[in-house]
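Student: So that we are looking at the same thing, I have put the structure below in structure tokens.
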Amino acid sequence: GFLNCGEKIQKKMASNYFSSQTFVPAFLLPLNFDGYCLCSSGCIHVQEVDGILAAVDVTKSKSLGERFGITGYPSLKYFKDSEFVFDVSFREENKIIDFMKDPKKPPPPPPSELPWNEEADSEIIFLNDENFKPILKRKKHALVMFYAPWCGHCKKAKPEYKLAAENFKDDPKVVFTALDCTLYNTICSDYDVNGFPTFKYFSYFKTVKDYEGGRTAKHFIAFMEEPDNPQAGKEPPPPPPEVEWSGLEGSEDLVHLGDESFEPFIQNRNVMVMYYAPWCGHCKKMKPVFAKVAKKLKELALPAEMATLDATIHHKVAKKSQLKGFPTIKFHKKDGSVLEYNGDRSSEDIIQFIRAQVRDEL
């Protein structure tokens, strides 16, 4: 069980008990005892290591906590020959044991990251409460990156954003700006910034719209060259499904649905729908099987049709269908009921499933 070691440690330190031993006390709160340090009858040896682990309840031994500047819990400190040597930051049992076998001072922490607005050689203007409106009012084309210093996606976008800004450094009408939402939260709230990074385009502070393009320099540059072009800064649209599915046996017997055509088409029909994503490997593997089934249904004169829906484009239907992965295959029956197909993904099994669902119509 847990035993308060504070008084024992103070007495033993005073009597030079630890003068020839390595010693690591863990300064703890009673409810913050994670099991990596065991304390019984004072202190114990770890396996066969020539050293001691101890625990101190700082709510009872406040003087020790104050003496060693304990401000967070748990805190681990390494002592040798009764003298404090350095702090220990790891918490895992195996790491503590390895450390006690060969105590070495851990490497210093990496230098703190320089705030983005203090980095040299940048064409980006950093906004704050005072200059936000004045700067944006003066520029015909302004892009604002709302960010948080800790955000990984922001860190990834920063060098690309910086390159794009350099591309326009001689254009007085264009400016790339950034605003730290951890410092200027009110502005970010005013512009409905709910995630990082968020990019918004301003024109003389009158026009404001979301930037929804890519996050590479070429995307930022393309957008700022044609901010009124809906496709500027975006990847080219994917090919239509007819092209995407072409070349597969039976592809001409498939029906490709979208947000607008979905509901009208499935009314009073038996339709098996494959909800997919173009990038999905399992979907690519399933496509020839699905197209083959479409051809086979026609040959067998079964009262059912095979349809597809690209869930990465037709979000309305995808959201309503509560998809959890790709591909998802559902059979929409003429009576309005919907069954999810979880059987084997062979053409034979799918046809057998459909035959069972429409047998009353045969």
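The values are calculated or read from the model by the stated rules, or taken from the named source; none is laboratory data. Every value quoted in this text rests on a predicted model; they were computed, and no experiment measured them. Counting neighbours? That spans all protein chains shown, and the Cβs are built from the backbone with ideal geometry, glycine included. Ligands, DNA and RNA are stripped out before the accessible areas are found, and what is left, the full protein with its side chains, is counted by its heavy atoms. Shrake-Rupley method; radii C 1.70, N 1.55, O 1.52, S 1.80 Å.
Student: Over every pair of different alpha-carbon atoms in region 145-284, take the mean of 1/r and invert it; report that Kirkwood radius in Å. Write down the numbers at each step before the final one.
Tutor: Values: mean 1/r = 0.0538 Å⁻¹.
Every distinct Cα pair counted, the radius reaches 18.6 Å.
Student: Count the DSSP beta bridges whose two residues both fall in the chain, then state the antiparallel fraction as a percent rounded to the nearest 5.
Tutor: Details: 27 of 52 bridges.
Close to 50 percent.
Student: Let me ask something else about it. Where the accessible area of region 279-342 is counted over protein heavy atoms with a 1.4 Å probe, how much of it, in %, is carbon and sulfur?
Tutor: Values: 1990 of 3690 Å².
Looking at region 279-342 in its full context, I get 54 percent from C and S.
Student: How much of the DSSP bridge set in region 101-230 is antiparallel, in percent, rounded to the nearest 5?
Tutor: Details: 9 of 18 bridges.
Roughly 50 percent of the beta bridges in region 101-230 run antiparallel, per DSSP.
Student: To continue, here is another question. Would you work out if region 114-174 is rounded, prolate or oblate? Take a ≥ b ≥ c from the square roots of the eigenvalues of the alpha-carbon gyration tensor; rounded if a/c is under 1.5, else prolate when a/b is larger than b/c, oblate otherwise.
Tutor: Working: a/c = 1.87, a/b = 1.32, b/c = 1.42.
Taking the square roots of the gyration eigenvalues as a ≥ b ≥ c, region 114-174 is oblate.
Student: Any chance you could look up the accessible area of Asp87 with a 1.4 Å probe, heavy atoms only, rounded to 10 Å²?
Tutor: My reading of the accessible area for Asp87 is about 80 Å².
Student: Could you work out Rg/(2.2 N^0.38 Å) for the chain, with Rg from alpha carbons only? Show your work: numbers first, answer last.
Tutor: Numbers: Rg = 32.6 Å, N = 362, 2.2 N^0.38 = 20.6 Å.
Dividing the Cα Rg of the chain by 2.2 N^0.38 Å gives 1.58.
Student: Once the dipole of the chain is set up with Lys and Arg at +1 and Asp and Glu at -1 on Cβ about the Cα centre, which of Leu323, Leu362, Leu183 lies farthest towards its positive end?
Tutor: Most positive-ward Cα: Leu183.
Student: At a 1.4 Å probe, what is the % contribution of carbon and sulfur to the accessible area of region 110-181?
Tutor: On region 110-181, the fraction of accessible area on carbon and sulfur atoms equals 51 percent.
Student: Along the charge dipole of region 88-189, Cβ charges K/R +1 and D/E -1, which of Leu136, Tyr161, Pro149 sits furthest on the positive end?
Tutor: Leu136
Student: Which sequence of Ser112, Ser337, Ser82 reflects their accessible areas, 1.4 Å probe, from the largest down?
Tutor: Numbers: Ser112 110, Ser337 45, Ser82 20 Å².
Of Ser112, Ser337, Ser82, the descending order of accessible area is Ser112, Ser337, Ser82.
Student: Full-extension gain between Thr186 and Glu242, please, as 0.36 nm times their residue separation minus the C-alpha to C-alpha distance. Can you show the working numbers first?
Tutor: Values: separation 56, 0.36 × 56 = 20.16 nm, distance 4.77 nm.
Result for the pair: 15.4 nm of gain on full extension.
Student: Compute the angle between helix 347-357 and the longest alpha-carbon principal axis of the chain, please, reported from 0 to 90 degrees and rounded to the nearest 10.
Tutor: For 347-357 against the chain, the angle is about 70 degrees.
Student: With every protein chain left in place, what is the accessible area per residue of region 217-362 in square angstrom, probe 1.4 Å? List each step's numbers first, then the result.
Tutor: Values: 8230 Å² over 146 residues.
That works out to 56 Å² for each residue.
Student: Using a ≥ b ≥ c from the Cα gyration tensor of region 298-361 (square roots of the eigenvalues), is it rounded, prolate or oblate, where a/c under 1.5 gives rounded and otherwise the larger of a/b and b/c decides, a/b for prolate? Don't jump to the answer; show the numbers that get you there.
Tutor: Numbers: a/c = 2.04, a/b = 1.68, b/c = 1.21.
Cα axes put region 298-361 in the prolate bin.
Student: Separate question: Of Ala311, Ala164, Ala148, which has the largest mean-square fluctuation in a 10 Å C-alpha GNM of the chain?
Tutor: Comparing Ala311, Ala164, Ala148 in a Gaussian network model of the chain, the most mobile one is Ala311.
Student: Shape of region 140-179 from its Cα gyration tensor (a ≥ b ≥ c, root eigenvalues): rounded if a/c is under 1.5, otherwise prolate when a/b > b/c, or oblate? Walk me through the intermediate numbers first.
Tutor: Values: a/c = 4.02, a/b = 1.89, b/c = 2.12.
It comes out oblate by the Cα gyration axes.
Student: Let me ask something else about it. Give me the net charge for the shell around Phe331: Cβ to Cβ below 12 angstrom, other residues only, Lys and Arg +1, Asp and Glu -1.
Tutor: Taking every Cβ under 12 Å from that of Phe331, the sum is +2.
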